[in-house]
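Novice: To start, I am sharing the structure in question, which I have written as structure tokens.
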């Protein structure tokens, strides 16, 4: 092809790109919910089926940066940051109560503000306690469910929880908090990403560097310790969520990293008791299975939707 020579040396020209945005391009924004700016990532044609991605600890919507792009050709995808996480507002916990119930209500308001009134729901780790609360309040909105290493069963806890269950939840104090603050250090966050991965070379260091960077903000340690303590309220709701699954029988797709530092393989298997028709994929992965199983997870989400969800709508 014949090259065209540059005819101008002016490098200060200012302008606006007028070409149409690709529907699969990820966009970033925020909306005001309950007085807080809630940040989010979004991609896909709004006319397509809606899919909500709820993140886990110690991450943010950043954990879904690649999955959003992989799914955006088929779904209208959105991934918000919880209050105190990512780029959302993080008010002082001295004046704002950080609880899973409170986060779920902010996320409920966020979805309403964005016009997500019926959707598939992808939950990972903290996403489960947030998502199950929303689903119980609005079962009509839940089109289908994707679970990735998000616990709802007693047998799902690894020994990493011993300090929470045996000390912090029984008697919260500076003494019982101190060992658990170790989960918020740089090396611990890095370890959460790498533990159990069959292909650690696929996991970007940007994950733990980003998470640890956010952990340096004012109040971040206290916010996370507050949520560590409040996690006990999730366990109390496990029987209620299990009943919800048994009675509603949502179309359910499960991806479970088999060597998660926090949740056992038995925790993934347990979902089959209440949703026996659920599809379970046992992955050679850890807590953040999307990092090193991206293509597999994305392809199976699309296949499951086309073959299991869409025909029943």
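Novice: Of all residues in the range 41-70, which are part of a helix (DSSP H, G or I) and under 15 Å from residue 298 (Cα atoms)?
Specialist: Going residue by residue through the range 41-70, those that are part of a helix (DSSP H, G or I) are 61-70.
The answer is 63, 64, 65, 66, 67, 68, 69, 70.
Novice: So, in the range 162-172, of the ones that are assigned to a loop (DSSP other than H, G, I, E, B) and in contact with a helix residue (DSSP H, G or I) (Cβ under 9 Å, 6 or more places away or on another chain), which residue ends up surrounded by the most Cβ atoms within 10 Å (Cβ to Cβ)? Break it down stepwise before answering.
Specialist: From the range 162-172, those assigned to a loop (DSSP other than H, G, I, E, B) are 169-172; that's our starting set.
Imposing the further condition that a residue be in contact with a helix residue (DSSP H, G or I) (Cβ under 9 Å, 6 or more places away or on another chain) reduces the set to 169-170, 172.
Details: 169: 18, 170: 10, 172: 15.
Step by step, filter the range 162-172, then rank; the result is 169.
Novice: Can you give me the number of residues within the range 95-123 that are touching a helix residue (DSSP H, G or I) at 6+ places or on another chain (Cβ under 7 Å) and in a loop (DSSP other than H, G, I, E, B)?
Specialist: So the count comes out to 4.
Novice: Out of curiosity, is residue 106 touching a strand residue (DSSP E or B) at 6+ places or on another chain (Cβ under 6 Å), buried (at least 24 other Cβ atoms within 10 Å of the Cβ) and either within 30 Å of residue 221 (Cβ to Cβ) or in contact (Cβ under 8 Å) with a residue 24 or more places away in the chain (or both)?
Specialist: Details: touching a strand residue (DSSP E or B) at 6+ places or on another chain (Cβ under 6 Å): yes; buried (at least 24 other Cβ atoms within 10 Å of the Cβ): no; either within 30 Å of residue 221 (Cβ to Cβ) or in contact (Cβ under 8 Å) with a residue 24 or more places away in the chain (or both): yes.
Judged against the criteria, residue 106 is not a match.
Novice: From the list 200, 139, which one is under 20 Å from residue 260 (Cα atoms) and surrounded by fewer than 20 Cβ atoms within 10 Å (Cβ to Cβ)?
Specialist: Working: 139 fails: under 20 Å from residue 260 (Cα atoms).
So the residue among 200, 139 that is under 20 Å from residue 260 (Cα atoms) and surrounded by fewer than 20 Cβ atoms within 10 Å (Cβ to Cβ) is 200.
Novice: Determine whether the range 25-34 contains at least one residue that is in contact with a helix residue (DSSP H, G or I) (Cβ under 7 Å, 6 or more places away or on another chain), crowded, with 23+ Cβ neighbours inside 10 Å and closer than 14 Å to residue 83 by Cβ.
Specialist: In the first step, residues of the range 25-34 are kept if they are in contact with a helix residue (DSSP H, G or I) (Cβ under 7 Å, 6 or more places away or on another chain); the result is 26, 31, 33-34.
Imposing the further condition that a residue be crowded, with 23+ Cβ neighbours inside 10 Å reduces the set to none.
No, the range 25-34 contains no residue that is in contact with a helix residue (DSSP H, G or I) (Cβ under 7 Å, 6 or more places away or on another chain), crowded, with 23+ Cβ neighbours inside 10 Å and closer than 14 Å to residue 83 by Cβ.
Novice: Any idea which residue in the range 266-283 is surrounded by the most Cβ atoms within 10 Å (Cβ to Cβ), counting only those that are in a helix (DSSP H, G or I) and out of contact with any helix residue (DSSP H, G or I) (no Cβ under 6 Å at 6 or more places or on another chain)?
Specialist: Checking each candidate, the answer is 268.
Novice: Is it the case that the range 81-94 has a residue that's crowded, with 18+ Cβ neighbours inside 10 Å, touching a residue at least 24 places away in the same chain (Cβ under 8 Å) and outside any loop (DSSP other than H, G, I, E, B)?
Specialist: No, that holds for no residue.
Novice: Search the range 264-293 for residues that are at positive phi and pair each with any residue that is outside any helix (DSSP H, G or I) when their beta-carbon atoms are under 7 Å apart and the residues are at least 6 apart or on different chains.
Specialist: none
Novice: Answer yes if at least one residue in the range 249-265 is outside any loop (DSSP other than H, G, I, E, B), modelled with pLDDT of 95 or more, in contact with a helix residue (DSSP H, G or I) (Cβ under 6 Å, 6 or more places away or on another chain) and surrounded by fewer than 19 Cβ atoms within 10 Å (Cβ to Cβ), and no otherwise.
Specialist: no
The values are calculated or read from the model by the stated rules, or taken from the named source; none is laboratory data. Note that the structure is a prediction, hence the values are computed from the model and not measured. Glycine gets a Cβ as well: all are built from the backbone with ideal geometry, and neighbour counts include every protein chain shown.
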